[in-house]
1. Classify the chain as rounded, prolate or oblate from the Cα gyration tensor: take a ≥ b ≥ c as the square roots of its eigenvalues, call it rounded if a/c is under 1.5, otherwise prolate when a/b beats b/c and oblate if not.
2. Could you please rank 273, 233, 499, placing first whichever residue has the fewest other Cβ atoms within 10 Å of its Cβ?
3. Per residue, how much space in cubic angstrom lies within the convex hull of the C-alpha atoms of region 178-246?
4. Distance from the Cα centre of region 166-182 to that of region 389-435, in angstrom?
5. Under a point spin-label approximation (7 Å from Cα along Cα-to-Cβ), what is the residue 362-residue 9 distance to one decimal in nm?
6. What Kirkwood hydrodynamic radius do you get for region 1-48 when you take the inverse of the mean 1/r over all pairs of distinct Cα atoms, in Å?
7. What ranking, highest mean first, results for peptides 352-364, 38-50 when packing means the other Cβ atoms within 10 Å averaged over each residue?
8. With contacts defined as alpha carbon pairs under 8 Å and 6 or more residues apart, what's the relative contact order of region 108-198 in percent?
Ligand code: SER
């Protein structure tokens, strides 16, 4: 079965069961600044899982592109990825455990659908703890479907609880479905969570709780179902493969890397896999509007691209090669995600590759790196001498030393890389060579330090983004949602005011909201005069003071497009859309949420007007 057949079958199955098929949302969460990327299909649906009405109804399904960076040090094995697609179906206060479990089982095992062997399936349910009880309901449903008790594991929160996607929000106990990928003639009678041959392929989450800022859980008024099925994992299971990279979603990339490097995949699996994984993720992240930088999403992107380039160098690729692989990625995915054909993608990748290669030959950085290598080398050799350890014992000595104190070396490597861009793994290698380590010790210590490094890197990075979001949300995370909603409605008023003052041909070119300000880009050829700015500001404030109710109307997309302004690509919306109307002043097609009445917004003040790019102006404004 091919990936496209699998996607189609899944969506067809749930459409038959009354689900509306919704498009994949962007990898960049639109209304949740507390996380960097969309990490699951439920993520863009958080407002609806929290009770807001979804314009397409109570049963939804889709194929969602996701990025997870939490497991990045596992990438390189057969199953972990940074980018992946998740097939999901949702019930927003509609069906619950019985239907969710029965449908997932039917889809997986019925010969009419995937026809997986029932004898190779095991499941797990939530065992219960102080926050929520044992999920006996899910347990009984599985039993009634004929799954043997030995194959139904009761596991704690660590395994069988999902969410929230951000720091607070909807979550709940889940029931996971595993498939035996070992010898079909020898399927163990009992399920064992520690055995990697049982691969998780599906997760049914019963979202009946909300996690609050203080860490406690409350029952949600609306009971939801959130399910997710990993596309690649299922593809591998159905086709009886032992490696995700052998599916058609990766194999053409692997072949390209063989061609570019002259090396075999079988001999260099880890490097090949990291290159493939990271470039796929990079192409998708750039397609959703991010470019490499030293902060937040741009930083993750930069690290992904540079890690891929490093692996390329390690397997002997000398020329720029990222674009050659990116083009293959585009061929694999263009039919379902046309955004990855955006014209800037290859340019962004090429520029980053040039920049990184320049850095690798920058004398100043090289000198600094040599100094650090020398310093460490001397220090290590001196401590060996001091302890009377002979130089042929260097492997043993370094092993102990690094196991005990790996972190100072990682810290230096971290500083070299984060401040000067010099790759940490090259630093480790040179240091090991400098002290005369054997290849095998060098490899194993390299792995250990790599793990330390990634932990440090992502911790630091998380801290950075947490500090950034803490800064954005002085009122605390719980208030952030509310404040963002006010800014969102203010943005609608702003566009309407701009159009009234500057001309009806103006449309939105970009919008960004956090809890401290709004930023709005629009087409206009010249700098605004202070008078124009004041007029716009006054008009927005006037509308706020008029206490106008904000109404939401659902209608067919083509009708809506005739009367409403659109803020982004209409293709992103489904067939039935929401239109938000603020009196006769503003009518916009938009997913919401918004305040109920303009009076909730408070005072509006424009703090800056500047150029954003040719022909595009940018306004920043705050609410007081
Ligand atoms: N949100 C759940 C997961 O990611 C189910 O979709 O596993």
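1. Taking the square roots of the gyration eigenvalues as a ≥ b ≥ c, the chain is oblate.
2. Going from sparsest to densest Cβ surroundings: 499, 233, 273.
3. 145
4. The distance from the Cα centre of region 166-182 to that of region 389-435 comes to 38 Å.
5. Calculated label separation equals 5.1 nm.
6. Evaluated on region 1-48, it is 12.5 Å.
7. So the order, starting with the most tightly packed, is 38-50, 352-364.
8. For region 108-198, the relative contact order is 32 percent.
We did not get these values from a lab; they are worked out from the coordinates using the rules stated. Note that the coordinates shown come from a computational prediction; the quantities given were computed from them, not determined experimentally. Reconstructed Cβ throughout: ideal geometry from the backbone, glycine too, with neighbour counts over all protein chains shown.
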